[in-house]
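The values are calculated or read from the model by the stated rules, or taken from the named source; none is laboratory data. Nothing here was measured: the structure is a model prediction, and the numbers come from that model. All Cβ positions, glycine included, derive from the backbone under ideal geometry; neighbour counts span all protein chains shown.
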Amino acid sequence: MIRESGTSTGGPALRRSLGVWQLTMISVGATLGTGILVVLGSSVPLAGPAIFISFLVAGLAALLSAVSYAEMAGAVPVSGSSYSYAYATMGEGIAWICGWCLVLEYAVSVAAVAVGASEYVNEALSTAGLSLPAAVAAPPGADGGLLNLPAVVIIALAMLLLVRGARESAWVNTAMVVIKVAVLLLFIAIAFTAFNAGHFQTLLPMGAAGMSAAASRLFFSYIGFDAASTAGEEARNPQRDLPRAILLSMAIVTGLYILVALAAVGAREWTWFDGTEAALVQILEELTHQPWIALLFALGSIVAIASIVLTVLYGQTRILMSMSRDGLVPAVFGRVSARTGTPVAGTLIVGTAVALTAGLVPLGELADATSIGTLFAFALVNLSVIYLRRSRPDLPRTFRVPLYPATPILGTLMCIYLMANLGPGTWWVFGAWMAVGAAVYFGYGRRHSRVAALSQADYEHLSAQAPEDTAVEAVVPAAVPAR
């Protein structure tokens, strides 16, 4: 069952310490920077100068899902994000699929983003004529690498900070978000001084299909806007603040992405980006001929990557905590420390696994695999809004999706459209991941599920015992028939 923290196990509860500003910064921190700093170089050759349209299409798809997240976050204000929303509406089986997709989304995106750290560390070191040895700058099999040390270090630091407490992590993240917004605004200001409108004359050299393919890849850039929804049990006023934080973060991120894309292609021909690493730093170096500006941007980029790692790793631990409470993954992920008010053991396990993945595995196209898992989860959230509106029209909602039911239907269709534009290799990876998930569910989750152990008498007792608990009231009627 999905319950308030601590009630299912009798353990300590998570601490409600986050306001709307910290929640917004969690979402911005988890989102802003990924597409610009890590995926931009491989996406521009797909879309050409229309890359800003690709960002807009991906952002529209994310926004349609974001308003659905906002409604569900206000109606079911618990940790677990779309996993909890699916559990509250469509039952355990669909929730497991959603949660398993989120494990792929969060864990691989953290590793993928962290892998990009070595590029910016080397860019920062190059201003002093230094560079990392190849052996510690890349994973095995890539340019003589043995270990991506910067990625491992960044994940380890984020893991240790999260263990200390959510409030401390939120304040550090807020500071890092301010820094990365500032460096992106610096790039925009400098790049627009060299803006050449002629770079946009052939807007769609790869056709609409190329623009769509880039949009599907760039959806990776919007992964993380839902991070605030994983903090439902640590928000001071979740029903009011979670919807505001989700929508505000989407506006900030989409606006900055489009401005940076316009500035970058305006400053350099779209063909220049093919094979270019740390493209924005190189543009600044070529335009200013001032090493200190490139150094400043490279350092800001490292901070941006660290912010994404911190907030997405935070979301991963809270999702696994919710799944643990429902018996679908081992109980260790749901144990909350009485001293720090955080799931310490789960954070250490997840952080170590992700650090090893980032340090040792060449991720490459797995950004696309992350996108497909995310799109699937987002589609389920849109469907959850429709399901809950029909099954529980009386449920209090602090935010309602505008133009219902058109908006969640369009959100679902947009997710399906972007999934269809991903390559066959991505679908193979996704299929393999879901097959592993099915084995884990039937081998462990189904046998340990709390719903499986819930008799009809228990169900009636729980329903009568917590009539004012929105989360339990929404979940119990859906969960029992799912078995």
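Data for the structure
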item	result
Output for the range 261-305, where each listed residue is of a type in the set (Asp, Glu) and within 20 Å of residue 150 (Cα to Cα)	277
Index of the failed condition, residue 123 passing every other in (1) in a loop (DSSP other than H, G, I, E, B); (2) acidic (Asp, Glu); (3) in contact (Cβ under 8 Å) with a residue 60 or more places away in the chain	(1)
Members of the range 139-175 found to be in contact with a Leu (Cβ under 8 Å, 6 or more places away or on another chain) and either assigned to a loop (DSSP other than H, G, I, E, B) or farther than 25 Å from residue 314 by Cβ (or both), listed by number	139, 140
First in the range 88-110 and under 20 Å from residue 352 (Cβ atoms) and in a helix (DSSP H, G or I), second anywhere and at pLDDT below 80 and of a type in the set (Phe, Trp, Tyr), Cβ under 9 Å, 6 or more apart	109/220
For residue 94: the one exception among (1) under 30 Å from residue 442 (Cβ atoms); (2) surrounded by 24 or more Cβ atoms within 10 Å (Cβ to Cβ)	(2)
Candidate set from the range 39-55 (those that are more than 19 Å from residue 226 (Cβ to Cβ) and aliphatic (A, V, I, L, M)); member that is surrounded by the fewest Cβ atoms within 10 Å (Cβ to Cβ)	53
In the range 390-409, residue farthest from residue 61 (Cα to Cα) [restricted to those that are hydrophobic (A, V, I, L, M, F, W, C) and surrounded by fewer than 16 Cβ atoms within 10 Å (Cβ to Cβ)]	395
Filtered residues of the range 336-347 (kept if surrounded by fewer than 23 Cβ atoms within 10 Å (Cβ to Cβ) and modelled with pLDDT under 85)	336, 337, 338, 339, 340, 341
Any hit, the range 112-125, residues being of a type outside the set (Ser, Thr, Tyr), farther than 16 Å from residue 33 by Cβ and more than 27 Å from the chain's Cα centre (by Cα)	yes
Residue check, residue 350 β-branched (Val, Ile, Thr), closer than 25 Å to residue 94 by Cβ and surrounded by 17 or more Cβ atoms within 10 Å (Cβ to Cβ)	yes
Test: residue 135 is in a helix (DSSP H, G or I), under 13 Å from the mean Cα position of the chain (by Cα) and within 30 Å of residue 149 (Cβ to Cβ)	no
Qualifying residue in the range 278-294 (condition: of a type in the set (A, V, I, L, M, F, W, C), surrounded by fewer than 21 Cβ atoms within 10 Å (Cβ to Cβ) and free of Cβ contacts under 8 Å to residues at least 24 places away in the same chain)	no
Single match in 109, 126, 54 (criterion: within 30 Å of residue 271 (Cα to Cα) and modelled with pLDDT of 80 or more)	54
Residue in the range 414-435 that is among the β-branched types (Val, Ile, Thr), at pLDDT 85 or above and closer than 25 Å to residue 320 by Cβ present	no
Test result for residue 231, of a type outside the set (S, T, N, Q), in contact with a strand residue (DSSP E or B) (Cβ under 7 Å, 6 or more places away or on another chain) and either modelled with pLDDT of 80 or more or on the phi < 0 side of the Ramachandran plot (or both)	yes
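Each row is one residue, and each column tells you yes or no for (1) of a type in the set (Lys, Arg); (2) over 16 Å from residue 37 (Cβ atoms); (3) crowded, with 21+ Cβ neighbours inside 10 Å.
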{"residue": "187", "(1), (2), (3)": "no, no, yes"}
{"residue": "191", "(1), (2), (3)": "no, no, yes"}
{"residue": "222", "(1), (2), (3)": "no, no, yes"}
{"residue": "240", "(1), (2), (3)": "yes, yes, no"}
{"residue": "267", "(1), (2), (3)": "no, yes, yes"}
{"residue": "273", "(1), (2), (3)": "no, no, yes"}
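Per-residue answers, yes or no, for (1) modelled with pLDDT of 80 or more; (2) on the phi > 0 side of the Ramachandran plot; (3) of a type outside the set (Phe, Trp, Tyr); (4) over 14 Å from the mean Cα position of the chain (by Cα):
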| site | (1), (2), (3), (4) |
| --- | --- |
| 45 | yes, no, yes, yes |
| 76 | no, no, yes, yes |
| 96 | yes, no, no, yes |
| 99 | yes, no, yes, no |
| 103 | yes, no, yes, no |
